[in-house]
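Comments concern the structure below.
Throughout, read-outs are computed from the coordinates displayed, never taken from laboratory work. Keep in mind the model is a prediction, meaning the values are calculated, not measured. With ideal geometry, Cβ positions are generated from the backbone for all residues, glycine too; neighbour counts draw on all protein chains shown.
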Amino acid sequence: MPLRLYQAAFLIALFAPCLCANGQDIIYSQSVVRDDPYFCFALRRGKIALTQDSLSFRVPNKRGQRYSFSEPLKNISEVRKAFLPNRIIIRTWSGKRYRLYAYKRDDLIGYTRDVMTKKPSLKAN
């Protein structure tokens, strides 16, 4: 009986992020690290999620909530590679700039650009 309970808890933990997406389908999601533009030693690990209309970064703990952001795709002007390995720079039309470290940065940049241009050839993850 306890084994079934652990299996049920594992399945709930595995599929809960998919079920609680606030009514939006997540197209691509990845673990990334965001750094502070003023304090380079302040790194926050979190998860970036790309939906049909927004790109959002969430930090799981309360202490790092000021690093979380959610930008509508119409406000994003540019998503590009930076000079450092695995770094992505996201710029908005209002002048905000976000720097992220991502392991598969080419996938994240490609999916974001595809959704921004509304290409139908995007495969869902």
According to the square roots a ≥ b ≥ c of the eigenvalues of the Cα gyration tensor, what is the shape class of the stretch 63-121, taking rounded for a/c under 1.5, prolate for a/b larger than b/c otherwise, and oblate for the remainder?
-> oblate
Would you compute, for the Cα atoms of the stretch 24-116, the largest minus smallest coordinate along each principal axis and list the three values in descending order, in whole Å?
-> 32, 30, 27
Going by how many other Cβ atoms sit within 10 Å of their own, how do Lys74, Lys47 line up, fewest first?
-> Lys74, Lys47
